[in-house]
Amino acid sequence: MIRWWIFLAIALGVLAVSASTVIGLKKSSDLIVERVRQSRIRHQALEQQLATLHSPRYEQLAQGLGQTLETLQIELAEVMANEARSPDVLDLTYEQTVLAQTMQSTEQQPISTLRLMMSVKIQHAAGLLALLKRIDHHLAVWPHEVRACDMYRMTEDGLQARCVIDFYHWSQADRVGSWLYSNKPDRAKV
């Protein structure tokens, strides 16, 4: 009779160990399946981001980020020259200045600030907003912000506005200089 109880105890022990092993394996396999699923999700997200970066719009943006500060200044001068010929712009003068102070980024790469000071006589306020939108569209690669805009109603038709826009630029090829570009011939320096 004792043998029978010992045999039953051993059988129940083996059964309990087997059951706990099966439960443990099931939990670990569920954990592995969840990790594989999470890895697939991350992989798909990275594939989508890579496909987006290879789209023509982002390839163009990436090429623009390789520009030097001087190239950005020239491009901004071209945009401003085109805007001066816009039908709703009556008169446009501007100056570009690279500010002497630089900001530090997290990568220890200095960020230069290119300041555009623009004075424009324009037919109406909507024209000024359209002008700012076109500047934003042409130079969207670089972060920029309108720092200030003052508008005055002229006695004749139209508005006089003065705006300051800062463009932020970083590049290994650049070292901050003191370039000043202007559409006023007596003040242009390179």
- [ ] Along Cα→Cβ, 7 Å out, is where each label goes; now give me the distance between the ones at residue 168 and residue 19 in nm to one decimal.
- [x] 6.3
Open item on the list: For a quick check of understanding: with a 1.4 angstrom probe and all protein chains in place, what accessible area in square angstrom does residue 170 have, to the nearest ten?
Closed with: 90
Task: Förster radius 41 Å - calculated FRET efficiency between residue 29 and residue 4 (Cβ-Cβ, nearest 0.05) - done: 0.65
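The values are calculated or read from the model by the stated rules, or taken from the named source; none is laboratory data. Values in this document were obtained by computation on a predicted structure and should not be read as measured data. In this analysis, Cβ positions are derived from the backbone assuming ideal geometry, glycine residues included, and neighbour counts consider all displayed protein chains. Only protein heavy atoms, including side chains, enter the accessible area calculation; ligands, DNA and RNA are left aside. Shrake-Rupley method; radii C 1.70, N 1.55, O 1.52, S 1.80 Å.
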